[in-house]
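**Student:** This is the structure I have questions about; it appears just below.
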Amino acid sequence: MGLRTNLGAVATDWDEYYKSAPATAKLTRKYTSATLLKLMRSYTKLGSGAPATILEFGGANSCFLDKIVQEFSPAAYHVIDTNAYGLDLLRQRLSPSSAVHLHQASILDRGIVNLKADVVFSVGLIEHFEKQGTAKAVEAHLDCLNPGGCAIITFPTPTWLYRAARGVAEAAGAWKFHDERPLQPDEILRVLGNREILHQETLWPLVFTQHLLVCR
């Protein structure tokens, strides 16, 4: 079953996504959130209880922020996203004393490298670019890390299960992520170069399978 890349594809309508997330998202987000918490405990400063700063790329109306803040009480939590509507939804959830800082910007904006964090992560973001943009997005994770910091990156990967599930969704007219380009892990590992890979796995329970990498 062939899959289109995002070359010339219609961009994902993120406003529409935030207004009507699929019913299955509640379960997949719960699983992904638990996975992120486990990895942050195991591989980052957050697990030691030391004060740490977090940066989430593509985190408009983040479904992970609440659990992470509750678990680790970071010194600061930065969210970078281009989507104004999603950022506004998240802003409405924050208390005046929150340590969460919202930035409307692109991960490809080189000015963001001035923002540094101990943990930098994204979930299902880097696949929404052509190959060169994906490489730049991965590099942005690394550029924003403090010395000794960790990056956690997840992206869809074209397993047989992903291909079958996406094929069904496209045939039913229910597929919303028209510019999503499922990635082979080797493409991302080449960009990471000699970075230390602390952990990697494929998240099969998501059905639309994601590969996950933790690097330092």
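The values are calculated or read from the model by the stated rules, or taken from the named source; none is laboratory data. A quick note: this is a predicted structure, and the numbers were derived from the prediction, not measured. Don't worry about glycine lacking a Cβ; one is built from the backbone with ideal geometry, like all the others, and counts go over all protein chains shown.
**Student:** Which residue, of A151, A137, A164, is touching a residue at least 40 places away in the same chain (Cβ under 8 Å) and either of a type in the set (K, R) or touching a Cys at 6+ places or on another chain (Cβ under 6 Å) (or both)?
**Tutor:** Testing whether each residue is touching a residue at least 40 places away in the same chain (Cβ under 8 Å) and either of a type in the set (K, R) or touching a Cys at 6+ places or on another chain (Cβ under 6 Å) (or both) leaves just A151.
**Student:** Here's something else I'd like to know. Confirm whether A84 is surrounded by 15 or more Cβ atoms within 10 Å (Cβ to Cβ) and either in contact with an Asp or Glu (Cβ under 6 Å, 6 or more places away or on another chain) or not basic (K, R) (or both).
**Tutor:** Taking the combined requirement at face value, the residue does not satisfy it.
**Student:** I've got another one for you. Could you tell me whether the stretch 90-107 includes any residue that is in contact (Cβ under 8 Å) with a residue 40 or more places away in the chain and of a type in the set (S, T, N, Q)?
**Tutor:** No, the stretch 90-107 contains no residue that is in contact (Cβ under 8 Å) with a residue 40 or more places away in the chain and of a type in the set (S, T, N, Q).
**Student:** Residue under question is L90, and the condition is that it be outside any strand (DSSP E or B), touching a Ser or Thr at 6+ places or on another chain (Cβ under 8 Å) and modelled with pLDDT of 95 or more; does it hold?
**Tutor:** Taking the combined requirement at face value, the residue satisfies it.
**Student:** Among helices (runs of 4 or more DSSP H) lying entirely in the stretch 117-197, which contain 3 or more residues that are surrounded by 14 or more Cβ atoms within 10 Å (Cβ to Cβ), at pLDDT 95 or above and over 18 Å from the mean Cα position of the chain (by Cα)?
**Tutor:** Of the helices (runs of 4 or more DSSP H) lying wholly inside the stretch 117-197, those with at least 3 residues that are surrounded by 14 or more Cβ atoms within 10 Å (Cβ to Cβ), at pLDDT 95 or above and over 18 Å from the mean Cα position of the chain (by Cα) span 160-171.
**Student:** May I pose another question? Of a type in the set (V, I, T), within 25 Å of L65 (Cβ to Cβ) and buried (at least 21 other Cβ atoms within 10 Å of the Cβ): does that describe I112?
**Tutor:** So I112 fails the test.
**Student:** Taking the stretch 7-27 on its own, how many of its residues are modelled with pLDDT under 75, outside any loop (DSSP other than H, G, I, E, B) and under 18 Å from E180 (Cα atoms)?
**Tutor:** 1
**Student:** Output the number of residues of the stretch 139-179 satisfying the condition of being within 13 Å of T209 (Cα to Cα) and touching an Asp or Glu at 6+ places or on another chain (Cβ under 6 Å).
**Tutor:** So the count comes out to 2.
**Student:** Which of the residues belonging to the stretch 29-57 are surrounded by 21 or more Cβ atoms within 10 Å (Cβ to Cβ), under 22 Å from T209 (Cβ atoms) and over 17 Å from the mean Cα position of the chain (by Cα)?
**Tutor:** The answer is none; no residue qualifies.
**Student:** Let me ask something additional. For the stretch 110-136, how many residues are under 20 Å from K45 (Cα atoms), among the aliphatic types (A, V, I, L, M) and in contact with a Ser or Thr (Cβ under 6 Å, 6 or more places away or on another chain)?
**Tutor:** Total satisfying the criteria: 3.
**Student:** Follow-up question, since we're still on this one. Looking only at the stretch 95-112, decide whether some residue is among the basic types (K, R) and modelled with pLDDT of 95 or more.
**Tutor:** No: zero hits.
**Student:** Any residue in the stretch 189-200 that is without any contact (Cβ under 8 Å) to a residue 60 or more places away in the chain and of a type in the set (V, I, T) sitting within a Cβ distance under 6 Å of a residue that is surrounded by 15 or more Cβ atoms within 10 Å (Cβ to Cβ) and in a helix (DSSP H, G or I)? List the pairs, counting only those 6 or more apart or interchain.
**Tutor:** V191/A135; V191/V138
Quick grid of which residues meet (1) among the small types (G, A, S); (2) more than 24 Å from A174 (Cβ to Cβ):
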{"position": "R29", "(1), (2)": "no, no"}
{"position": "K45", "(1), (2)": "no, yes"}
{"position": "P51", "(1), (2)": "no, yes"}
{"position": "L55", "(1), (2)": "no, yes"}
{"position": "S73", "(1), (2)": "yes, yes"}
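**Student:** What is the residue count in the stretch 198-214 for residues that are farther than 27 Å from A11 by Cβ and either more than 14 Å from the chain's Cα centre (by Cα) or acidic (D, E) (or both)?
**Tutor:** Residues that pass the stated criteria total 6.
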